[in-house]
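So the structure is just underneath, and the comments pick up after that.
Each value in this text was obtained by applying a stated rule to the coordinates, not by laboratory testing. Keep in mind that this is a model prediction, so the values were computed, not measured. In this analysis, Cβ positions are derived from the backbone assuming ideal geometry, glycine residues included, and neighbour counts consider all displayed protein chains.
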Amino acid sequence: HRHLLGIEPLSPADITIILDLAEQYVTLNRSARKHSEALAGLTQINMFFEASTRTQASFELAGKRLGADVMNMAMQSSSLKKGETLIDTALTLNAMHADLLVVRHPHSGAVDLLAQKVNCAVLNAGDGRHEHPTQALLDALTIRRAKGRLHRLNIAICGDIAHSRVARSNILLLGKMENRVRLIGPPTLVPSQFAEFGAEIYDDMREGLNGVDVVMMLRLQKERMDGGFIPSEREYYHRYGLDAEKLACAKPDAIVMHPGPMNRGVEIDGEIADDINRSVIQEQVEMGVAVRMAAMDLLARNLREAPQTVMA
Ligand code: CP
C-alpha cells in the first residue's frame with residue numbers, strides 16, 4: 001500500500017504485519033534509548049484541520065523516535081485562512097518534498113481526495129465520520145495484548161456510533177479478524193445500516209453487554225450532530241453510561257476501552273475509567289505511538305522501494 005487511508009483496503013495479513021511490527025516498537029518505546037533510524041532523511045508533515053491531543057502528539061513523537069524531520073503545520077495561521085484550498089495547500093507541501101503527510105480533516109473523504117493529488121505517502125488521522133485507521137489499529141493491538149488473541153472475541157462498541165469514524169474503522173477491522181461486534185446505543189445514534197457490516201444492534205445496554213470480552217465506549221460527538229437530536233447528558237448517562245452495575249453484565253475479565261477524549265459522567269463513570277484492573281485506556285494511548293511508528297515505517301519502506309515521480 002502507498003497510503004494508509006482506511007481499514008477498508010487492508011487484508012487480515014496487512015493488519016497482522018502492522019501489529020507485529022508495532023510490538024517491536026512497544027519494546028523500543030519502553031527502553032532507555034527510544035530511537036531508530038527507520039525514517040532518517042525523510043520529512044513528515046502533520047496537517048490537523050480539527051482538534052486533536054492524542055493523535056497529533058503520538059504521530060509527532062512517532063516520527064521523531066524514527067528519526068524523521070517532523071513539522072506540525074499550524075493550520076489556524078496557514079493560508080487556508082486566505083482562501084487557499086486543501087488541495088493547493090497539499091500540493092505546496094508536496095513541492096517541498098514531504099515524504100509523509102499526516103492529515104486530519106472534518107470532511108469525510110477529504111484525505112482520500114488529497115492522497116490522489118500528491119506523490120508522498122498520506123496517513124489518514126481521521127476524516128469526518130469516515131475512518132480513523134490508526135485508532136482501530138491501536139485498539140486492535142491493545143485487545144490482542146490484553147486477551148492474547150484478536151479473533152473470536154465478543155466486542156461491544158457503545159454510544160454514538162452514527163457520528164464516529166472510530167466506530168466505523170473498528171467495525172471493519174474487528175469484522176475482518178473474525179470477531180463478533182455488537183453496537184449498543186439509542187436508535188438515533190446507531191443506524192440500522194451498520195447491520196450490513198455483520199454487527200448486532202442493541203438499544204438495551206445490559207442486554208448488549210451480556211457476556212462480552214471487550215467494552216469500547218464512545219463520546220457523544222456533538223460537533224457532528226448538525227443541530228439534530230442531542231440527548232440530555234443526565235438521561236444518556238442513566239441509560240448508556242458505563243457504570244459498575246452495567247459493566248457487571250460483561251464477562252468478569254472484560255476490558256474497558258475508550259479512544260478519548262473522554263467525558264466522565266456522560267458516557268463513562270470516572271472510577272471505571274481509572275480502574276487499572278479493568279480499564280486499558282492508558283495502554284491504548286501507549287499503543288498509539290507504537291502503531292503509528294509501525295505504519296510510517298512500513299509506508300517509508302514502500303517509498304524507498306518505489307519512489308514516486310513528481311506529478312505535474
Ligand atoms: N482518539 C483520538 O483521536 O483522540 P484525539 O482527537 O485527541 O486525537
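Residues in the stretch 151-167, backbone N under 15 Å from the label point at residue 203 (7 Å along the Cα-to-beta-carbon vector): list them, ranges by number please. Output list for this probe position: 159-162. Short-range pairs are left out: with C-alpha atoms under 8 Å and at least six residues apart, the relative contact order of the stretch 239-285 is 46 percent. Less than 5 angstrom separates the built amide H of residue 201 from those of 183, all sequence-distant by 5 or more or on a different chain.
Taking amide hydrogens as placed 1.01 Å from N in the peptide plane, the amide H of residue 125 sits under 5 Å from those of 103, 104, each at least 5 positions away in sequence or on another chain. The relative contact order of the stretch 188-290, computed from alpha carbon pairs under 8 Å that lie at least 6 residues apart in sequence, is 30 percent. Going by the alpha-carbon gyration tensor, a ≥ b ≥ c the square roots of its eigenvalues, is the stretch 58-121 rounded (a/c under 1.5) or, if a/c is not under 1.5, prolate (a/b greater than b/c) versus oblate? Note, shape of the stretch 58-121 comes out prolate. Highest mean packing first, where packing is the average number of other Cβ atoms within 10 Å per residue, the peptides 157-169, 118-130, 34-46 line up as 157-169, 118-130, 34-46. Comparing Cα centroids, the stretch 142-202 and the stretch 273-306 end up 20 angstrom apart.
If contacts are Cα pairs under 8 angstrom and at least 6 residues apart, what is the relative contact order of the stretch 74-214 in percent? Reported relative contact order: 18 percent.
With contributions of -39500 (n - 2.57) from each DSSP H run of at least four residues, the per-residue ellipticity at 222 nm computed over the chain stands at -11500 deg cm²/dmol. Taking square-rooted eigenvalues a ≥ b ≥ c of the alpha carbon gyration tensor, is the chain rounded, prolate or oblate, where a/c under 1.5 means rounded and, failing that, a/b exceeding b/c means prolate? Since a/c reaches 1.5 and a/b is larger than b/c, the shape of the chain is classed as prolate. With R₀ set to 30 Å, the beta-carbon distance separating residue 79 from residue 230 gives a calculated FRET efficiency near 0.30.
Per-residue Karplus couplings for the stretch 155-170, computed as 6.51 cos²θ - 1.76 cosθ + 1.60 with θ equal to phi - 60°, are listed in order as 10, 9, 10, 10, x, 7, 6, 4, 9, 10, 5, 5, 4, 4, 5, 5 Hz, Gly and Pro entered as x. For the listed residue pairs 34/117; 34/246; 64/251; 147/176; 34/147, the alpha carbons are over 29 angstrom apart in 34/117; 34/246; 64/251.
Beta bridges assigned by DSSP with both partners in the chain are antiparallel in approximately 5 percent of cases.
Model label sites at residue 277 and residue 51, defined 7 Å from Cα along the beta-carbon direction, differ in position by 3.4 nm.
Backbone geometry of the stretch 295-306 corresponds, through the Karplus equation with coefficients 6.51, -1.76 and 1.60 at θ = phi - 60°, to 3J(HN,Hα) couplings of 5, 6, 4, 5, 5, 5, 4, 5, 4, 6, 6, 9 Hz, x marking Gly and Pro.
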